[in-house]
Structures are given as structure tokens and as C-alpha cells.
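**Q** Okay, here's the structure, questions in a sec.
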Amino acid sequence: MKNIIKSALLLVLGLGVFTACNDDNDDNPVVKSPTTFVLNESPLAASPIDLENSNTIQLTCSQPDYGFPASTTYTVEVSLNADMSAAAEVAKATTAKIDVDASVLASTLTTLQVEAGKTEADFPMTIPAYFRVKAAMTTKEGAVIEGTEILSNIITFQNLILKFSLPPVTTPETLYVVGQFCGWDWNKSVEMAPVNGATNIFWHLVYIDGSGVKFNNAKSWDGNQKGFDNISVSGDLASEIIGTSDGNIASSNPGWYLMIITTSVQGRDVIYDVQFNKPEVWLMGPCIGNTSWTELLDGSKFSVPAEADGDFVSPAFTGVPGDQEGCRAYVKVPGYDWWKSEFMVFNNKIVYRGNGGDQERVINAVGQKLYLNFGTDTGKIE
């Protein structure tokens, strides 16, 4: 059945070159809705094809009958299933001879196999794969013209040799936390500090209220942000952590938490175990009279603000350390020495040691205090 699509001349000009007609169709062209579209069987359909050592797989088809040679976009889909369920796109072209990149095909088929329950240990494998092409008439800007789409028949490549073709899954190198404390603005989010020598563990002091927080490895709402349903919860204050209807990581007792994220890889997934511990910050060394460098020494702990924009404040310094000792501060990450999670204020900014080397020393005066705002990563000694 012909479905007549009347178009303005400018639209029609974007479709391609028209064949000459003996009637007034030159002024009022008629577009057919095609009923058949043939994807040709490949002469290599039964041959073993090693995708790792191939550049492309070529497909050919005939242009659907639109009534004239029209600008057409061809989209190649592949599936592990003969009914084309769970199909994935692997190529696009504007000619009826289509080269499918073998590396793209290999990674796509590997992804489909993993989604179907296969693991890396199941590879290499020799598999059939099913292909079809979707054709659509398009304007010169590439927009699909409604009513012109059509699917081809399905063809099979029976012996594709497939090696595991996905990059290794790795733990993130950076993590950022966003929430009401920064107006849910990633540009104002706080970057978590890695624990020195442990590139898969990050920490930060975070204010968590009933609206909650999320974290991501990029400063973006890119769909990869993690919330309550994406983590396992542990730590001293785990019982206070709840999920919101938006999937945020929230607290039933709003306040500050030492948030420690340990990342690991299981299969093709990154796992996030998040500890929510007491927000304890400590001075270390002679600046507080701790010449034995004892961790968690009584009298060296900061006060904790009640507000999201408040300062953690140290006890007054009781000693003046030497040039090689300096004023030093840290949080305690369970299982790690204090200096692996230390930090200091330079030019009114909190600078975390992370995986860097020994920090420069800051010399204080007796009676001064260290003020820290972990919502803005700023601080001062005065």
C-alpha cells in the first residue's frame, strides 16, 4: 500500500536526485513507503571469521523503493538471538555497501555475551551472530523522515571467532561528593582524598542531612553517579544512614560523617563499600605536646560544628614544633597509619596528602588554633 507523504520542495530537495517524469510529479513528488528491503546474504556467512584479526565485515543491501533515489541512512544491528531480541547497533552508513568495524563488532558481541551471563573465562568462543539493517529516508541534515523506516530480513554469520574484547574494569581514580551542602552543584562538590598507598580507598568529611548526597567519578550528572542503592553501608554510624525516594544517601540524624569509600572490582562491576564513621579530626605531633607521635591522643581532637557550613576547630596549640616537625592534622582511616590520611592548610586551602609525598611543614604559634571547613575545603591558623 502506498502511503503518500507530501513534502515541501525544500524538504524533497534534501532527499536526493529525482528521476525524470512525464507528468507533474516533478512539481509534486510522491514518496512511497517501501514494503520490502533486502539485506544480501554474505558469501562468507559460513566461513570462520576471526574478529581479532579482521578489519571489517562488509554487508550489502538494495535501497528500499521510495519511488526515486533518495538519501538514505542504514543502521546495522546485531544480536545473539535469531529473533533479534536484545539487538545492539554496530554501524551506520549512507550507502548500500556497509563496512562494519570488526573491533566494534567484537566489543559489542562481548558485551551481549556478558549481559547474557558469560564471564571472561568462557572466551574465546565461536558463535553465530544475526544481522539486520534498518533503513530510513533522511533530510540533508540527517533527520529521519517519518513513515520511511523499514527493517531488512535477517542474515547469519555462522562462525564468528570471538575473544574477550572489553577493556579491563578498574576502580575510579577520583571521586566527588555532591549534596545540599553545595547546592547539588558538581562544580562546588568536594573531591575525596585517596588514602596514601591505597588507590582504591577515598575519604572526606561530609555533612549529610535528610536530603542526602551522591558521589561520582566525574563532576557530572552523567548517569554514573552512585546513591544508596549502589553501595553497601558499614561503619560506626551505619545505622543512621538511609535512602531517599530519589536514591540519595541520607541520614536520619543530620550531621557530619567521616565518609570512607573502598572500591573493588567483581566481574565487570565496581563495588562500593562506604563506611560512615564519627567525624573525628586530630592534631599530631609537638604542636599539641605529642612528642611521642601517639595516634588519637586525648586532648588533640577537633570540635565538630553543628552546621554544614561550620568550622572544625582544633585545641589551642601548646607547643611550637621544629622546622622538620610542623603542625600536622589527620583523620583515622581504620587499618592505616595516621599520616596516610593527613592534610594541612596552605594559603587558606586544605591540601590533602593523598598519594603524594611528605607535605611541607607549617609552623604555628602557641595558643593558635587550626580552623577547617570541609564543605569548601578551606582553612586557617590563627
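The values are calculated or read from the model by the stated rules, or taken from the named source; none is laboratory data. Worth saying up front: this structure is predicted, and the values here are computed from it rather than measured. Here the Cβ is made from the backbone with ideal geometry for all residues, glycine too, and neighbour counts use every protein chain on show.
**Q** Please specify each residue of region 147-172 satisfying the condition of being free of Cβ contacts under 8 Å to residues at least 60 places away in the same chain and either of a type in the set (A, V, I, L, M, F, W, C) or in the same structural domain as residue 73 (by TED's automatic domain parsing) (or both).
**A** 149, 164
**Q** Now for a different question. Could you say whether any residue in region 123-135 is more than 27 Å from residue 149 (Cα to Cα), part of a helix (DSSP H, G or I) and at pLDDT 95 or above?
**A** No, that holds for no residue.
**Q** Taking the condition surrounded by 17 or more Cβ atoms within 10 Å (Cβ to Cβ), out of contact with any His (no Cβ under 7 Å at 6 or more places or on another chain) and not assigned by TED's automatic domain parsing to the domain that holds residue 310, does residue 206 pass?
**A** yes
**Q** For region 360-374, give me each residue that is touching a residue at least 60 places away in the same chain (Cβ under 8 Å) and out of contact with any helix residue (DSSP H, G or I) (no Cβ under 6 Å at 6 or more places or on another chain).
**A** Within region 360-374, 370, 371, 372, 373, 374 qualify.
Quick grid of which residues meet (1) more than 21 Å from residue 193 (Cβ to Cβ); (2) in contact with a His (Cβ under 8 Å, 6 or more places away or on another chain); (3) aromatic (Phe, Trp, Tyr); (4) not assigned by TED's automatic domain parsing to the domain that holds residue 373:
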| residue | (1), (2), (3), (4) |
| --- | --- |
| 217 | no, no, no, yes |
| 224 | no, no, no, yes |
| 239 | yes, no, no, yes |
| 245 | yes, no, no, yes |
| 250 | yes, no, no, yes |
| 259 | no, yes, no, yes |
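**Q** Are there any pairs with C-beta distances below 7 angstrom linking a residue in region 35-49 that is surrounded by 11 or more Cβ atoms within 10 Å (Cβ to Cβ) to a residue that is assigned to a loop (DSSP other than H, G, I, E, B), with the two at least 6 apart or on different chains, and if so which?
**A** 37/64; 37/152; 38/62; 38/152; 38/153; 39/152; 39/153
**Q** Further question: With respect to residue 265, determine if the residue is part of a strand (DSSP E or B), assigned by TED's automatic domain parsing to the domain that holds residue 203 and not aromatic (Phe, Trp, Tyr).
**A** When the stated conditions are applied, residue 265 passes them.
**Q** Could you grab me the full set of residues in region 242-262 that are in a strand (DSSP E or B) and within 20 Å of the chain's Cα centre (by Cα)?
**A** 249, 260, 261, 262
**Q** Tally up the residues in region 361-377 that are out of contact with any strand residue (DSSP E or B) (no Cβ under 6 Å at 6 or more places or on another chain) and outside any loop (DSSP other than H, G, I, E, B), please.
**A** Qualifying residue count for the region: 1.
**Q** Return the residues of region 354-380 that are surrounded by fewer than 20 Cβ atoms within 10 Å (Cβ to Cβ) and closer than 20 Å to residue 316 by Cβ; say none if nothing qualifies.
**A** Within region 354-380, 361, 362, 363, 365, 366, 367, 368, 369, 371, 373, 380 qualify.
**Q** Which number in (1) out of contact with any strand residue (DSSP E or B) (no Cβ under 9 Å at 6 or more places or on another chain); (2) assigned to a loop (DSSP other than H, G, I, E, B) marks the one condition that residue 187 misses?
**A** (2) is the only condition that residue 187 fails.
**Q** Applying the selection to region 87-124, what residues are loosely packed, with under 14 Cβ neighbours inside 10 Å, of a type in the set (A, V, I, L, M, F, W, C) and either on the phi > 0 side of the Ramachandran plot or touching a residue at least 24 places away in the same chain (Cβ under 8 Å) (or both)?
**A** Once the filter is applied, which keeps residues that are loosely packed, with under 14 Cβ neighbours inside 10 Å, of a type in the set (A, V, I, L, M, F, W, C) and either on the phi > 0 side of the Ramachandran plot or touching a residue at least 24 places away in the same chain (Cβ under 8 Å) (or both), region 87-124 yields only 116.
**Q** Any chance region 346-353 includes a residue that's at positive phi and in contact (Cβ under 8 Å) with a residue 60 or more places away in the chain?
**A** no
**Q** Residues 322, 310, 335, 299: which one is assigned by TED's automatic domain parsing to the domain that holds residue 376, over 30 Å from residue 240 (Cβ atoms) and either small (Gly, Ala, Ser) or within 41 Å of the chain's Cα centre (by Cα) (or both)?
**A** None of the others qualify; the one that does is 322.
**Q** Count, please, the residues in region 50-86 that happen to be touching a residue at least 60 places away in the same chain (Cβ under 8 Å) and in a loop (DSSP other than H, G, I, E, B).
**A** 7
**Q** Could you please find all residues in region 310-353 being surrounded by fewer than 19 Cβ atoms within 10 Å (Cβ to Cβ), at pLDDT 95 or above and part of a loop (DSSP other than H, G, I, E, B)?
**A** Matches in region 310-353: 310, 315, 316, 334, 335, 336, 337, 347, 348.
**Q** Taking the stated definitions as given, is residue 215 under 26 Å from residue 305 (Cβ atoms), buried (at least 17 other Cβ atoms within 10 Å of the Cβ), in contact with a Phe, Trp or Tyr (Cβ under 9 Å, 6 or more places away or on another chain) and at pLDDT 95 or above?
**A** yes
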